[in-house]
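The values are calculated or read from the model by the stated rules, or taken from the named source; none is laboratory data. It should be emphasised that the depicted structure is a prediction, and the values quoted were computed from it without experimental measurement. So basically every Cβ, Gly included, is an ideal-geometry build from the backbone, and we count neighbours across all protein chains shown.
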Amino acid sequence: MADTADVLVIGGGPAALCIASELHQRGVVVEGIAPNPVDAPWPNTYGIWADELKMVGLEQLLEHRWSDTVSYFGEGGIKAQDQSHGHGIDYGLFDRSALQRYWLERAEGVVWHQDTAERVEAGAATTTVTSASGVTLQARLVIDASGSRTPHIRRPDQGPVAGQAAYGVVGRFSKPPIEAGRFVLMDYRCDHLSEEQRSEPPTFLYAMDLGEGVFFVEETSLALAPGVPYDVLKQRLQQRLDQRAVEITEVIHEEFCLFPMNLPLPDRSQPLLAFGGAASMVHPASGYMVGALLRRGPDLAQALAEVLANPALGSEALARRGWQALWPIELVLRHQLYQFGLSRLMGFNEALLRTHFATFFSLPREEWFGFLTNTLPLPRLMGVMLRLFALSPWELRRGLVLGASPRKKPRW
Ligand SMILES: Cc1cc2nc3c(=O)[nH]c(=O)nc-3n(C[C@H](O)[C@H](O)[C@H](O)COP(=O)(O)OP(=O)(O)OC[C@H]3O[C@@H](n4cnc5c(N)ncnc54)[C@H](O)[C@@H]3O)c2cc1C
């Protein structure tokens, strides 16, 4: 790096591209470091409610879009086969390369170093990053956007971190595994499981019709520490398909997913800033994050561009301002509420979870949507949680207040 950049971004995923592009748009001199070329395809598929994308004017980034969006919260059984709960709003899958291109075009001119950040040392004025190949890079502020596993960001140890685990198949099937043209957010029907399996931590099906005979079916566990093993998820998916007499005839892609849902918030006094998974921005109730990047990236970049205009400020002061802008007290409190909610849900058995989600999705649309997208102001969010409590049957209320009764230890 010839001169010291204003900001060095570590990472080449959605969070890195988002913050690099937003800063660049505001005239900040940005560089980046990532092990792979920043236009290399991303491995994950990213889903989002279409209205969440509409809020930021980017609906054109969807590759697939469904209006028939449903969940199943019944136990199952022949009579209940199609007791679906319609969500009444559209859901979509990002066109990953279009999302990547959108950010890269806005970051045109940003220098990307193809390398891995190994050591990060903050000094009074600048921060130095040493790469795996021995190169040293300096910037007034370093933003770690290298994902939730980063070793560079300090955060309190609050015990085991619960992970959302999922095993999925994009493929062709002997007959449609779900109704044609449909998106299934959560299928909690469980009549394909043995009694013993039903006493173990519950999982649900997340599935969609991708068109031209291709479907994506994914067995998912909301959150558990440690995460549900892939072989258990795979076996449950197979049982689900067997019960419907559906065979997989072609596997186009397998998805193995595990990411933390309740990662503690970072220590916000450290002189290094973070963004994305590294900054614990995954929504603890839903596991989604891309919408939050698109909403929060511009505000963070604006706050940083303003403080960077003062040349007297060094890494510590810049990072402090960044943390305040990224995690203002309002968002910290909302995050704590979500984490409390998740801790309760994690102890629920399958029957309680089904009752919980059926009650949750009976809330007015703007309430459940606002809750899931973290777009309700704190007083409104608290109101929604109280309303949910009031609507809940007694057994569920007991679980929400006291936590569920201890579950038998799973076999895995
Ligand atoms: C399988 C899966 C499915 C998901 N689906 C959704 C979804 O549908 N919707 C949604 O909103 N969220 C989803 N998430 C959650 C979240 O949005 C993703 O995890 C998202 O990829 C996180 O973005 P990120 O940029 O913070 O981290 P990552 O995507 O993990 O990117 C980290 C980047 O940093 C780079 N890196 C790592 N270490 C270093 C280093 N030392 N130096 C330099 N670079 C480094 C990596 O190469 C990578 O480019 C999903 C997560 C997973 C795992």
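Worth pointing out:
- Qualifying residue in the stretch 73-82 (condition: crowded, with 19+ Cβ neighbours inside 10 Å and either within 16 Å of the ligand (Cβ to nearest atom) or free of Cβ contacts under 8 Å to residues at least 24 places away in the same chain (or both)): no
- Among residues of the stretch 371-398, those that are under 16 Å from HIS335 (Cβ atoms), surrounded by fewer than 18 Cβ atoms within 10 Å (Cβ to Cβ) and in contact with a Lys or Arg (Cβ under 7 Å, 6 or more places away or on another chain), counted: 1
- Within the stretch 117-127, the residues that satisfy the criterion of being out of contact with any Lys or Arg (no Cβ under 8 Å at 6 or more places or on another chain) and either more than 20 Å from SER21 (Cβ to Cβ) or assigned by TED's automatic domain parsing to the domain that holds ALA358 (or both) are GLU118, ARG119, VAL120, GLU121, ALA122, GLY123, ALA124.
- The residues in the stretch 108-148 that are under 23 Å from the mean Cα position of the chain (by Cα) and small (Gly, Ala, Ser) can be counted, and the count is 4.
- Count of the stretch 183-215 residues which are over 23 Å from GLY163 (Cα atoms) and part of a loop (DSSP other than H, G, I, E, B): 5
- When GLN238, GLN324, GLN270 are checked against the criterion of being away from the ligand (no atom under 16 Å from the Cβ) and surrounded by 19 or more Cβ atoms within 10 Å (Cβ to Cβ), GLN270 stands alone in meeting it.
- Scanning the stretch 101-116 for residues that are out of contact with any helix residue (DSSP H, G or I) (no Cβ under 7 Å at 6 or more places or on another chain) and among the basic types (Lys, Arg) yields a count of 1.
- Counted residues, the stretch 150-163 - those being within 10 Å of the ligand (Cβ to nearest atom) and either on the phi > 0 side of the Ramachandran plot or modelled with pLDDT of 95 or more (or both): 3
Each row is one residue, and each column tells you yes or no for (1) part of a helix (DSSP H, G or I); (2) within 11 Å of the ligand (Cβ to nearest atom); (3) surrounded by fewer than 16 Cβ atoms within 10 Å (Cβ to Cβ); (4) under 20 Å from the mean Cα position of the chain (by Cα).
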| position | (1), (2), (3), (4) |
| --- | --- |
| LEU8 | no, yes, no, no |
| ALA15 | yes, yes, no, yes |
| LEU23 | yes, no, no, no |
| VAL28 | no, no, no, no |
| ILE33 | no, yes, no, no |
| VAL38 | no, yes, no, no |
| TRP42 | no, yes, no, yes |
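- Only one of the numbered conditions (1) farther than 27 Å from GLY47 by Cα; (2) buried (at least 17 other Cβ atoms within 10 Å of the Cβ) is not met by ALA132, and that is (2).
- When the stretch 164-184 is filtered for residues that are within 11 Å of the ligand (Cβ to nearest atom) and either out of contact with any Gly (no Cβ under 6 Å at 6 or more places or on another chain) or not hydrophobic (A, V, I, L, M, F, W, C) (or both), the ones remaining, listed by number, are GLN164, ALA166, TYR167, GLY168.
- Check on ARG149, surrounded by fewer than 22 Cβ atoms within 10 Å (Cβ to Cβ) and not in a loop (DSSP other than H, G, I, E, B): no
- Listed conditions (1) within 26 Å of HIS283 (Cα to Cα); (2) within 11 Å of the ligand (Cβ to nearest atom); (3) not assigned by TED's automatic domain parsing to the domain that holds THR249 are all met by GLN114, apart from (1).
- Each residue in the stretch 274-318 was checked for being touching a Leu at 6+ places or on another chain (Cβ under 8 Å) and more than 16 Å from the ligand (Cβ to nearest atom), and 6 of them qualify.
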